[in-house]
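What follows is a single structure, written as structure tokens, with notes after it.
The values are calculated or read from the model by the stated rules, or taken from the named source; none is laboratory data. What you see is a predicted model, and the numbers here were worked out from it, not measured in a lab. Note that each Cβ is placed from the backbone with ideal geometry, even for glycine, and that neighbours are counted across all protein chains shown. Remember, those area values only see protein heavy atoms, side chains included, never the ligands or the DNA or RNA. Shrake-Rupley method; radii C 1.70, N 1.55, O 1.52, S 1.80 Å.
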Amino acid sequence: MIALELLYQGKAKSAYVTEDHDLLVLRFRDDTSAFDGEIIEKLSEKGAINNQFNALIMNKLAENGIPTHFVERLSATDMLVKRLDMIPVECVVRNKAAGSIVRRLGIEKGMAFDQPLFELFFKNDNLHDPMVSEHHVEAFGWATRHEISRMYELTLEANTILRDMFDQAGLDLVDFKLEFGRFYGEIVLGDEFSPDNCRLWDKVTGESKDKDRFRQNLGGVLEAYRDVAGRLGIVFDN
Ligand code: ADP
Ligand code: UDP
């Protein structure tokens, strides 16, 4: 399947229509953004790393019964996906406190939650992705109550699967963000899971192995992404 016309260009990926109306090509670019697009930089090979990382994660989730948009990887940077009617909310799950929840609630970074904490954010860069409740999501018609419950259930299931997988690789899965959409009436996981949208801390050293290295200007961003991928057994195509 080949990418025909550009459908839309996000901050890190471009989506192309194909000859099949139900399928899109997602191209992972090297662009890296932080703070709702205020900072954008190109990190050479990041697109290829995230595409291949995401393919492994989507396969792992699908094997464990999570419906995903992933069809197949087409090249180093491209994947074929089901074209979803995206729900404009970010589903975040947190096992430990970091990032916005620390700033918002004044809690200590690294504090472990007794049970995974689920949060919803309205996907809107101009408004800086504000936190919303499931009542806002329902009231604004972004998703039905049933769809919200399904996103909650699938996000928590993904957390259980991935937390265990990263734990075995010596990494603490601190938090992550997922996006869902509809495909013929079913709620399906879309977008990506990569070190761009999760927090992973080395279990021994506590070092960040994710996009916080970029956000905090710590350097070694792609070295960290490659380290994580290597621990999961990913061998990259060029
Ligand atoms: P952003 O939207 O944050 O700038 P990206 O650069 O990652 O991020 O853009 C990818 C866009 O593609 C996002 O808007 C995402 O919601 C959308 N998307 C991801 N997967 C699918 C899919 N399977 N079908 C339709 N749209 C998708
Ligand atoms: N996240 C994301 N995209 C966003 C906002 C957050 O992928 O637009 C991810 C982020 O990488 C982290 C988790 O969601 O793994 C929680 O992010 P947080 O709310 O702490 O916001 P941040 O401070 O990272 O902007």
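The heavy atoms of Met111 offer some 80 square angstrom of accessible surface to a 1.4 angstrom probe.
Packing here is the average count of other Cβ atoms within 10 Å per residue, and on that basis the peptides 210-219, 91-100, highest first, run 91-100, 210-219.
Can you bin segment 153-238 into rounded, prolate or oblate? Criterion: square roots of the alpha carbon gyration tensor eigenvalues sorted a ≥ b ≥ c, rounded for a/c under 1.5, prolate for a/b above b/c, oblate for the rest. Verdict is prolate for segment 153-238. Seen from a random direction on average, the alpha-carbon convex hull of segment 78-170 projects onto 8.3 square nanometres.
Ranked by the mean number of other Cβ atoms within 10 Å per residue, highest first, peptides 41-53, 148-160 order as 41-53, 148-160. Computed from backbone phi with θ = phi - 60° and the Karplus coefficients 6.51, -1.76 and 1.60, the 3J(HN,Hα) list for segment 34-44 is 9, 6, 6, x, 5, 10, 10, 9, 9, 10, 4 Hz; x is used for glycine and proline.
The accessible surface of segment 142-238, taken with every protein chain in place and a 1.4 Å probe, is 47 percent carbon and sulfur. Per residue, the accessible area of the chain comes to 48 Å², computed with a 1.4 Å probe over protein heavy atoms only. Each label point was placed 7 Å from the Cα along the Cα-to-Cβ direction; for Ser149 and Ile107 their separation is 2.6 nm.
Label-to-label distance for Phe140 and Asn217 is 3.2 nm, based on points extended 7 Å past Cα in the beta-carbon direction. Averaging over all projection directions, find the projected area of the Cα convex hull of segment 189-238 and quote it in nm² with one decimal place. Over every viewing direction, the Cα hull of segment 189-238 projects on average to 4.4 nm².
Here segment 30-46 is scanned for amide nitrogen atoms under 13 Å from the site 7 Å beyond the Cα of Ala76 along Cα-to-Cβ, giving 30, 44-46. Of the accessible area of segment 20-96, computed with a 1.4 Å probe over protein heavy atoms only, carbon and sulfur atoms account for 46 percent.
When both segment 58-99 and segment 183-212 are represented by their alpha-carbon centers, they are found 9 Å apart.
What shape does segment 17-102 take by its C-alpha gyration tensor, where a ≥ b ≥ c are the square roots of the eigenvalues and a/c under 1.5 counts as rounded, a/b above b/c as prolate, and the rest as oblate? Oblate, since a/c reaches 1.5 and b/c is not below a/b.
When all protein chains stay in place and ligands, DNA and RNA are ignored, the 1.4 Å accessible-area order of Tyr16, Tyr184, Tyr8, largest first, is Tyr184, Tyr8, Tyr16.
Residues in segment 127-137 carry Karplus couplings, in order, of 9, 6, 6, x, 6, 10, 9, 5, 5, 5, 4 Hz; the curve used is 6.51 cos²θ - 1.76 cosθ + 1.60 with θ = phi - 60°, and Gly or Pro positions show x. At an R0 of 45 angstrom, the distance between the Cβ atoms of Tyr184 and Ser44 translates into a FRET efficiency of 0.70.
When the GluC sites (Glu not before Pro) in segment 51-115 are filtered for DSSP coil states and for at most 15 other beta-carbon atoms within 10 Å of their beta-carbon, the remaining sites are Glu108. Derived from the Cα gyration tensor, the three semi-axes of the equivalent ellipsoid of the chain are 25, 23, 18 Å, largest first. Full extension of the chain between Asp237 and Glu19 gives 75.9 nm of extra length, using 0.36 nm per residue less the Cα-Cα distance.
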